[in-house]
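Handing you this structure, nothing more for now.
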Amino acid sequence: MVLPAENTTESKEELFRQSNEVSKTLAKSTRRLGRLEKISKNITRSVITQRAGILLQVLIKNVQKSNSSTLEIPNLDALAREAGSTSNRVKEDLILLGGYTYQLGYTRKSNNETFVGFQTGSFITLTVEYKYGNGKTKDDYIDLRQGTGSAYFIKGKTPYRIKVQLNALIFTDLINTKRGKSFGFHYLTDKTIPLDNDLSQSAYKLRLFIAANTLNHGIGFLKLRQRLGYTHKDDFDRGIPRIRREIESAFEELQKAEVISSYSRNAAKDIYTWELTTKYILRTKTKLMGTTNRRMGTTNREKGTTNRKAPSILPTNGE
């Protein structure tokens, strides 16, 4: 079972766990979707929006508060306020999270051997119910002409009941601390959700990548570009210099927001390094910002958490 949101002994700042694999996946797969893409009849997805990723983070936080993988949503307005969104947008984002199929990565151990793989599924299982009568039938509520059909009938109508169940693979990442059981988790503070709403898309993706990776040697530009979801098509359409400017601008944005205290680039090796603060992201339940900064987030990892390279939950276009 998931532990409730946790506090440090030094502060009443609320902490909650986030799956490393979810953060890596969102870092690589977040991008803007056009209107036609949002209602695509193709139920297999390789990308997701920043807004839907933030809502997933809110749901993961509330799942931990409820101490269960299933969450009843009695009030869409309250959920929207917590996510920094609106009720109609939350409906759309619930569809992106629960109405489409993705590739969900996992790891397991058996007979001293380690296996990695994927399952197809959604980030959440979404249950939506309506009361109908007075001459209306279910066909008045379920619009099969748009998107994924049964998932899209949530739009434009007021549900009687909404229930969300977190995908079992993500749930496993949050509750298991033994090696070989999951890809591990990190801690986020309550300030992270409003921060993510204020960040540009590039800075949001970099924030996710930094949170999920404990690197002690830096990362090369080419590999960082891949981890943030840039494809060969982006290289051709936008050019490498522009992509580099976007990434460095994202570093500067995170430094200004105090997610990191500094960053640097080794020009000879084209490697980026940074200093992680503890204002938003923690590896362990230790002191919050104002104590120590840990280079690349590598020290004092929580016992049992892992930092293995993991397959992304979502495939990236062009790869």
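The values are calculated or read from the model by the stated rules, or taken from the named source; none is laboratory data. Given the structure is predicted, the values throughout are model-derived calculations rather than measurements. Glycine also receives a Cβ, built like all others from the backbone with ideal geometry; neighbour counts cover every protein chain displayed.
Based on this model, can you work out whether Asp143 counts as surrounded by 15 or more Cβ atoms within 10 Å (Cβ to Cβ), touching a strand residue (DSSP E or B) at 6+ places or on another chain (Cβ under 8 Å), closer than 28 Å to Arg32 by Cα and at pLDDT below 80?
No.
Suppose we filter Ser85, Ser23, Ser11 for residues that are at pLDDT 85 or above and assigned to a loop (DSSP other than H, G, I, E, B); which single one remains?
From the options Ser85, Ser23, Ser11, the qualifying one is Ser85.
Looking at the structure I just gave you, is Thr214 at pLDDT below 95, within 20 Å of Arg31 (Cα to Cα) and not aromatic (Phe, Trp, Tyr)?
No, not satisfied.
Have a look at Lys256, Lys279 and point out the one that is within 22 Å of Leu195 (Cα to Cα) and touching an Asp or Glu at 6+ places or on another chain (Cβ under 7 Å).
Just a single option satisfies the conditions, and that option is Lys279.
Same structure, new question: Only one of these is surrounded by 20 or more Cβ atoms within 10 Å (Cβ to Cβ) and either of a type outside the set (A, V, I, L, M, F, W, C) or more than 22 Å from Val47 (Cβ to Cβ) (or both): Tyr102, Tyr130. Name it.
Just a single option satisfies the conditions, and that option is Tyr102.
Restricting attention to the stretch 112-126, and to residues there that are in contact with a strand residue (DSSP E or B) (Cβ under 8 Å, 6 or more places away or on another chain) and assigned to a loop (DSSP other than H, G, I, E, B), which single residue is nearest to Val58 (Cα to Cα)?
Phe123
Further question on the same structure: Can you go through Leu174, Leu188 and tell me which one is modelled with pLDDT of 65 or more, buried (at least 19 other Cβ atoms within 10 Å of the Cβ) and not in a strand (DSSP E or B)?
Unique residue meeting the criteria: Leu174.
I need every pair where a residue in the stretch 183-201 that is within 17 Å of Ala212 (Cβ to Cβ) has its Cβ under 6 Å from the Cβ of a residue that is assigned to a loop (DSSP other than H, G, I, E, B) and acidic (Asp, Glu), sequence separation at least 6 or different chains.
Thr189/Glu13
Please specify each residue of the stretch 263-282 satisfying the condition of being over 18 Å from Phe221 (Cβ atoms) and touching a helix residue (DSSP H, G or I) at 6+ places or on another chain (Cβ under 8 Å).
Leu276, Tyr280, Ile281
The conditions are (1) at pLDDT below 90; (2) in a helix (DSSP H, G or I); (3) over 30 Å from Arg283 (Cα atoms), and Lys28 fails exactly one of them. Which is it?
(3)
Do you know which residues across the stretch 208-231 are touching a helix residue (DSSP H, G or I) at 6+ places or on another chain (Cβ under 7 Å) and either on the phi > 0 side of the Ramachandran plot or in contact (Cβ under 8 Å) with a residue 60 or more places away in the chain (or both)?
Those that are touching a helix residue (DSSP H, G or I) at 6+ places or on another chain (Cβ under 7 Å) and either on the phi > 0 side of the Ramachandran plot or in contact (Cβ under 8 Å) with a residue 60 or more places away in the chain (or both): Leu208, Phe209, Ala211, Ala212, Arg227, Leu228, Gly229.
Going by what's in this entry, would Leu206 be described as surrounded by 15 or more Cβ atoms within 10 Å (Cβ to Cβ), assigned to a helix (DSSP H, G or I) and touching a strand residue (DSSP E or B) at 6+ places or on another chain (Cβ under 6 Å)?
So Leu206 fails the test.
Here is a further query. What's the number of the only condition in (1) crowded, with 19+ Cβ neighbours inside 10 Å; (2) modelled with pLDDT of 90 or more; (3) in a loop (DSSP other than H, G, I, E, B) that Glu258 fails to meet?
Every listed condition holds for Glu258 apart from (1).
Can you find even one residue in the stretch 230-246 that is small (Gly, Ala, Ser), buried (at least 16 other Cβ atoms within 10 Å of the Cβ), closer than 20 Å to Arg31 by Cβ and at pLDDT below 95?
No - not one qualifying residue is present in the stretch 230-246.
Moving on. Here are some residues: Lys269, Lys309. Which one is more than 19 Å from Ser202 (Cα to Cα), loosely packed, with under 15 Cβ neighbours inside 10 Å and modelled with pLDDT of 90 or more?
Lys269
A further question on this structure: Can you name every residue in the stretch 216-243 that is of a type in the set (D, E, K, R) and within 23 Å of the chain's Cα centre (by Cα)?
Those that are of a type in the set (D, E, K, R) and within 23 Å of the chain's Cα centre (by Cα): Lys223, Arg225, Arg227, Asp234.
Applying the selection to the stretch 55-78, what residues are of a type in the set (Val, Ile, Thr), in a helix (DSSP H, G or I) and in contact with a Lys or Arg (Cβ under 8 Å, 6 or more places away or on another chain)?
Answer for the stretch 55-78, where residues must be of a type in the set (Val, Ile, Thr), in a helix (DSSP H, G or I) and in contact with a Lys or Arg (Cβ under 8 Å, 6 or more places away or on another chain): just Ile60.
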